Amino acid sequence: MNDIRNFVIIAHIDHGKSTLADRLLEVTGTVEMRRMRAQYLDQLDLERERGITIKMAPVRMDYSYKGTEYILNLIDTPGHSDFQYEVSRALMAVEGAILLVDATKGIQAQTLSNLRNAQKAGLKIIGAVNKIDLNVPHLEKTIYALAELLHTEPENIFRISGKTGAGVEDLLGAVIENVPPPKVSEKGEVSRALIFDSLYNDHKGILAYVRVFDGTFTAADVAELLATGEDFKIKEVGCFLPELKSVSELKAGEIGYIATGFKEPSLVKIGDTLVRRKIDSPKDLKSHALPGFRDAVPTVFISFYPDGTTKFEELERGFEKLRLTDAALSFEPDSNDALGRGLKVGFLGQLHFEITSARLTREFGLDFLTSFPTIAYRVRVGASEKVVKEPHAFPENPDEVWEPIIKVEILTPKDYLQKVLSIQTAYEVNVEEVHNVGENLLITGTMPLSELIRDFDDQLKSVSAGYASFSYELAGERKTDAERLDILVAGDVVPALTRVVRKSELEREARSTVERLKELLPKAQFTQAIQAQTQGRIIARETIAAAKKQLGDFGKNGGDITRKMKLWRKQKRGKERLLERGKVNLTPEVFREILKK
């Protein structure tokens with residue numbers, strides 16, 4: 001295994017990871033120049049258009065260095081906080097990492113988060129500053145800041161250009177010389193591999209992307225997934241060149257894929273341990289599980305409803321197909337009186353939601369409406385506790401409520417410190433510490449997850465002229481004073497408009513919603529009361545007057561005013577009867593408008 005090097009590229013979003021990966025493919029001759037394209041490892045059109053990596057991408061590169069042939073296994077990782085779940089699994093599969101920093105932007109929040117995770121995984125970290133071809137005047141300051149962060153000398157930081165290829169061969173040589181080869185495990189009774197990603201193949205079922213830690217895996221071996229207890233016969237093993245290439249076996253230290261034949265994505269879990277029994281293997285293999293397994297935990301829940309010509313079955317099939325390539329997606333049936341059947345979908349964050357929505361539209365041509373984003377609350381009523389994801393299932397008067405909170409790190413230039421701190425009250429950020437990172441300041445604190453999905457990113461960029469960045473991770477929960485806000489139209493609660501809102505925001509949200517509905521709802525033959533209610537109290541109200549019938553211009557040309565008064569009284573009695581049994585149905589068009597930001 002001394003000729004194997006496994007490493008990742010980690011960086012803040014848009015710092016040039018995929019472009020550097022392109023140059024590494026060229027330098028090693030893995031991809032011929034005539035086949036080369038920008039962001040070669042990014043397989044989704046959406047990734048190329050947005051210029052971001054959404055799915056991690058492994059590749060094997062064969063490279064001759066100082067007369068020795070090496071196998072270099074690279075994993076290109078996403079940079080956004082929403083995809084830290086994927087990055088953390090990739091870090092467990094390698095021994096080294098290139099920490100990349102954009103020379104024009106310097107160290108960012110996700111740079112620090114990725115560095116910390118790589119250090120926790122015990123990786124050898126090599127620092128590199130990218131985009132030196134832009135002749136940035138403060139290049140040396142960025143290099144010095146990165147060196148200080150890695151506790152090394154500035155001359156140990158590599159100066160590279162992913163665009164031109166400058167310095168890339170030297171960086172690759174440093175990976176070979178400094179990243180340690182895979183270690184031989186002491187547990188040799190069974191062959192073990194860590195699943196760090198998966199992909200669906202029409203012919204081979206779920207492909208488990210694995211790093212082999214012990215023994216070997218070959219086609220026709222019987223293997224077991226420890227998290228689900230499922231047994232299967234391996235259909236094929238192979239590596240990434242970067243296209244899938246079958247091989248005779250995967251050995252300890254190597255990275256590749258194992259075709260499971262499974263058609264159900266939930267059976268193959270990211271972070272699970274895959275084992276192959278030997279004849280004398282123990283029956284219970286749970287003790288051989290590799291560390292680090294955990295299920296993806298959705299943080300944001302949004303309901304999807306079919307719109308236009310799209311049918312519910314088509315929407316459901318679209319999500320099922322997306323889950324074949326995105327194991328973090330979770331969804332369950334949902335319904336709405338006006339919009340019909342839908343799906344309640346769990347996401348890892350706002351970007352995860354945006355990417356999934358865009359893929360549904362682009363890859364499957366689906367039209368849909370989405371609900372307000374919600375989070376999961378833990379509530380206690382009397383002696384019982386439960387987790388509530390649906391706002392309309394939130395108890396009217398709970399004894400205690402806990403909401404998820406996040407640890408947030410904001411990196412900002414010193415000139416914008418006061419402006420950044422000015423938003424802490426509006427978003428309930430509890431600032432715990434402020435300290436220097438090079439020429440920037442790192443603000444560490446906690447905030448409710450519900451505030452993060454309330455345009456926190458946009459507001460932070462606005463007050464800092466785009467210079468501030470942030471990263472976050474779940475950090476437990478805390479008690480809150482949230483209440484359920486119901487919206488009533490003509491006396492009936494509209495479940496789809498129910499939300500869980502913090503007490504301090506109740507009146508503002510209530511007033512905003514009823515005023516918006518008054519603009520959107522058409523007049524009826526009876527008076528419509530639009531009310532916002534919490535714990536049985538009406539806290540906001542608007543009224544849509546009844547439509548008036550034209551009774552003619554009596555009193556002129558011989559008309560009798562008493563006839564007009566008689567018709568008025570008749571109309572009034574009719575409206576009173578309508579009001580008693582009148583019901584307002586909110587159309588999809590009204591929902592479409594009210595759910596817009």
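The values are calculated or read from the model by the stated rules, or taken from the named source; none is laboratory data. Please read all numbers here as calculations on a predicted model, not as lab measurements. Glycine gets a Cβ as well: all are built from the backbone with ideal geometry, and neighbour counts include every protein chain shown.
Before we move on, is Ile71 at pLDDT 90 or above, touching a strand residue (DSSP E or B) at 6+ places or on another chain (Cβ under 9 Å) and surrounded by fewer than 20 Cβ atoms within 10 Å (Cβ to Cβ)?
yes
Pairs please, first residue from region 152-170 and in the same structural domain as Val129 (by TED's automatic domain parsing) and within 10 Å of Ile132 (Cβ to Cβ), second anywhere and aromatic (Phe, Trp, Tyr) and surrounded by 19 or more Cβ atoms within 10 Å (Cβ to Cβ), Cβ atoms under 6 Å, 6+ apart in sequence or on different chains.
What qualifies is Gly167/Phe158.
Filtering region 256-267 down to residues that are crowded, with 18+ Cβ neighbours inside 10 Å and modelled with pLDDT of 85 or more, which residue is farthest from Ile4 (Cα to Cα)?
Phe262
In this structure, does Gly127 turn out to be in the same structural domain as Leu226 (by TED's automatic domain parsing), buried (at least 19 other Cβ atoms within 10 Å of the Cβ) and in contact with a strand residue (DSSP E or B) (Cβ under 6 Å, 6 or more places away or on another chain)?
Answer is no for this residue.
Quick check on my filter: what residues within region 485-504 are more than 26 Å from the chain's Cα centre (by Cα) and not β-branched (Val, Ile, Thr)? Please lay out each step first, then the result.
Taking region 485-504 as the starting set, the residues that turn out to be more than 26 Å from the chain's Cα centre (by Cα) are 485-495, 503-504.
Answer for region 485-504, where residues must be more than 26 Å from the chain's Cα centre (by Cα) and not β-branched (Val, Ile, Thr): Leu485, Asp486, Leu488, Ala490, Gly491, Asp492, Pro495, Lys503, Ser504.
Given the residues Glu354, Glu363, Glu396, which is the only one that is part of a loop (DSSP other than H, G, I, E, B) and among the charged types (D, E, K, R)?
Glu396
Condition check ((1) at pLDDT below 95; (2) not hydrophobic (A, V, I, L, M, F, W, C)) across all residues:
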{"position": "Asn178", "(1), (2)": "no, yes"}
{"position": "Lys187", "(1), (2)": "yes, yes"}
{"position": "Lys204", "(1), (2)": "yes, yes"}
{"position": "Ala227", "(1), (2)": "yes, no"}
{"position": "Lys233", "(1), (2)": "yes, yes"}
{"position": "Leu244", "(1), (2)": "yes, no"}
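What strands (runs of 3 or more DSSP E) completely inside region 61-161 contain at least 2 residues that are within 23 Å of the chain's Cα centre (by Cα)?
Working: elements: 68-76, 96-102, 124-130.
Strands (runs of 3 or more DSSP E) meeting the threshold: 68-76, 96-102.
Are any residues in region 195-244 without any contact (Cβ under 8 Å) to a residue 60 or more places away in the chain, crowded, with 19+ Cβ neighbours inside 10 Å and not in a strand (DSSP E or B), and if so, which ones?
Residues satisfying the conditions are Lys204, Ile234.
Only one residue in Glu428, Glu451 is within 16 Å of Ser504 (Cα to Cα), in contact with a helix residue (DSSP H, G or I) (Cβ under 9 Å, 6 or more places away or on another chain) and modelled with pLDDT under 90, so which one is that?
Sole residue among the options that is within 16 Å of Ser504 (Cα to Cα), in contact with a helix residue (DSSP H, G or I) (Cβ under 9 Å, 6 or more places away or on another chain) and modelled with pLDDT under 90: Glu428.
Just the residues that are modelled with pLDDT of 85 or more and in contact with a helix residue (DSSP H, G or I) (Cβ under 7 Å, 6 or more places away or on another chain), please, taken from region 372-394.
Scanning region 372-394 gives Thr374, Ile375.
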